[in-house]
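Everything on this sheet refers to the single structure shown next.
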Amino acid sequence: MTSVAEARRPAGRPATDRAAWFLVLPALIPILLLSVGPLLYGLLLAFTDAQSGRTAATRWIGGLNFQDLLHDTLFWESFRIGLVWAVGVTLPQFLLALGLALLLDQDLRLRWAARALAIVPWAMPEVVVGIMWRVVYNPDAGVLNETLRHLGLGGGRDWLSGLGTALPAVIVVGVWAGLPQTTVALLAGLQNTPRELHEAAAVDGAGAWRRFRTVTWPVLRPVALAITALNLIWNVNSFALVYVLTNGGPGGKTRLPMLFAYEEAFRYGQFGYAAAMGCVMVAVIAILLAVFLAGRLRGGDDT
Amino acid sequence: MRNHRTPRTATTPSPAGRTAARAGQYAALLAYLVFLAFPFLWLLSTAFKTPRELGSLHPAWIPRHPTLGNFRQAFDEQPLLHAALNSLLVALGAAVVAVLLATPMAYVMARHRGPLARAATGWVVISQAFPFVLVIIPLFLVLKNLRLIDSLAGLVLVYVVWSLPFALWMLVGYVRAVPVELEEAAAVDGAGRLRTLVSVTAPLLAPGLAATALFAFVTAWNEFFFALVLLKTPEHQTLPVVLTHFIGAEGVADLGPLAAAASLATLPSLLVFALIQRRITSGLLTGAVKS
């Protein structure tokens, strides 16, 4: 047996740290140069008056950008829209996905079709998803208005240009685009639930809701929390979908924070100001992550 | 529709109740299928319609005189072929480079438990929350100084770094699936560390490497934000960016060619994704849950 233990060493035990570093460097260098570096650089830029295409030197201006942001009503409006969007997409998406995952966990005949079709929204480029829904929402040639006309519910509405309808219309697309991914993740989580537990609970006379609460949910909880946190973060970072659908219009009603920052930086050239916006969004994401981690810790205490 | 939210894993009491529940389940499933499929089918249907049909106030579900005119017009209006070639080059480049760089690091993360591996894991988790806004401006400036702005090579670099975290997650899983005992056996036979990696581990990793490369490919093929910011001249732009040119400045779009071009742009991702969907799901889950 000692020979096996000795043989274990070369591959099983950590090699010298130098060898490990050598293997890690090829990935580490680009990571440091192209993501950690720019991130820190961006934090610095937020405290400067950096602008694109100007000849004067960039100056350190302290917290002035943040002060300006505080008083920028357009920014707060986009912040509010961003919150409505992130929650408005994530929450219905989760509830729908949970229902669907429970449904697809059943022994149903058309299950394969749902799984096969789920690839479509998931794999599509976001730009194409946006274009596709523009075609669907089109006031004249769109399928939505035509269906409504068939059902005698009117139609002829220009969903993406209406001040009241644009944001809800865009949120529906967001839900559609991420639904399969969330469903598949929850479904995979469900399949970790031991069948025997369900059967035992059923024999004990537990109703469907009780079985869900006591058997399914505890197993599903970590997956549900993780996917919800990821979805929230992805939605805070959303850009392409809304850029293609409305480009922030009408009248800024769908101008998500990312669109706002993009315009500030690359249309008006306000690099420092846009970087400050970026910092605010990082703070928001950090809070989301903290809430998520707190939720996980509480889950750990329960068990 | 009624029962689709209720978990119903064990049997329901009465046969009548059971039939009703089943009917409800099928209704919910059907609603889901329609919701998933309809936008896509409408896009395809629109792509084959004649201008006259598109102009009619009561659009047909299925084009009555299917035409390829929209596709021809799409190719005439925008450099679609060239854009697709750009996308292909960028996506292939990003996939190959990402896998080459990620594999050694994933190996270390999977087999070692040092502070290095822990730090790498932590970074992978954090990168899921990466703030694009804060990164894009400095990245723009950095690439500009490196004279890599408006170049496909610069975009490849960005995409490589961007898909590395998830690629690492997938690869760590694949490395862990290769039994350490095999490597040990090779070591006993006197093979050096590098020999062991190349002749024993690498062949067993091949399917995982392929799946990871395909994932990086789709990510790059679909990406829009970085491409929009970093590519200025039309002849360098990738397919998603060129697609948005079909939507005019006032948001007015010629629906037929727009739908035709959009349908075509989806095909490669759909094909690739059909191949690796299962693997991405498991990668997503381990990444999300074990973090």
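The values are calculated or read from the model by the stated rules, or taken from the named source; none is laboratory data. Note that the structure is predicted; figures quoted are calculated from it, not measured. All Cβ positions, glycine included, derive from the backbone under ideal geometry; neighbour counts span all protein chains shown. The accessibility values were calculated without ligands, DNA or RNA, using every heavy atom of the protein model including side chains. Shrake-Rupley method; radii C 1.70, N 1.55, O 1.52, S 1.80 Å.
Things worth noting here:
- Of the helices (runs of 4 or more DSSP H) lying entirely inside segment A:215-303, those containing at least 3 residues that are open to solvent by 50 Å² or more (accessible area, probe 1.4 Å) span A:217-236, A:271-302.
- Flag: residue A:210 matches the condition of being among the basic types (Lys, Arg) and part of a helix (DSSP H, G or I).
- Residue ranges of helices (runs of 4 or more DSSP H) in segment A:52-129 with at least 3 members more than 21 Å from residue A:268 (Cβ to Cβ) and of a type in the set (Phe, Trp, Tyr): none
- Extreme residue, surrounded by the fewest Cβ atoms within 10 Å (Cβ to Cβ), among residues of segment B:46-72 that are part of a helix (DSSP H, G or I) and facing chain A (nearest Cβ under 8 Å): B:55
- Residue match in segment B:128-137 (condition: closer than 30 Å to residue A:265 by Cα, facing chain A (nearest Cβ under 7 Å) and small (Gly, Ala, Ser)): yes
- Selected residue [aliphatic (A, V, I, L, M) and closer than 28 Å to residue B:132 by Cβ] from B:182, B:204, B:230, B:197: B:230
- If you go through segment A:46-61 and keep only what is within 19 Å of residue A:277 (Cβ to Cβ) and of a type in the set (S, T, N, Q), you end up with A:48, A:51, A:52, A:58.
One line per residue, one yes/no per condition, for (1) open to solvent by less than 20 Å² (accessible area, probe 1.4 Å); (2) in a helix (DSSP H, G or I); (3) among the basic types (Lys, Arg):
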{"site": "B:147", "(1), (2), (3)": "no, no, yes"}
{"site": "B:157", "(1), (2), (3)": "no, yes, no"}
{"site": "B:170", "(1), (2), (3)": "yes, yes, no"}
{"site": "B:173", "(1), (2), (3)": "no, yes, no"}
{"site": "B:182", "(1), (2), (3)": "no, yes, no"}
{"site": "B:197", "(1), (2), (3)": "no, yes, no"}
{"site": "B:202", "(1), (2), (3)": "no, yes, no"}
{"site": "B:209", "(1), (2), (3)": "no, yes, no"}
{"site": "B:216", "(1), (2), (3)": "yes, yes, no"}
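- Elements of type helices (runs of 4 or more DSSP H) contained in segment A:142-203, each with 1 or more residues being in contact (Cβ under 8 Å) with a residue 60 or more places away in the chain and among the β-branched types (Val, Ile, Thr): A:166-190
- So residue A:60, is it aromatic (Phe, Trp, Tyr), open to solvent by 40 Å² or more (accessible area, probe 1.4 Å) and under 27 Å from residue B:139 (Cβ atoms): yes
- Some residue of segment B:110-121 being surrounded by fewer than 19 Cβ atoms within 10 Å (Cβ to Cβ), more than 8 Å from chain A (Cβ to nearest Cβ) and within 23 Å of the chain's Cα centre (by Cα): yes
- From the options A:128, A:135, residue that is surrounded by 20 or more Cβ atoms within 10 Å (Cβ to Cβ), within 22 Å of the chain's Cα centre (by Cα) and modelled with pLDDT of 85 or more: A:128
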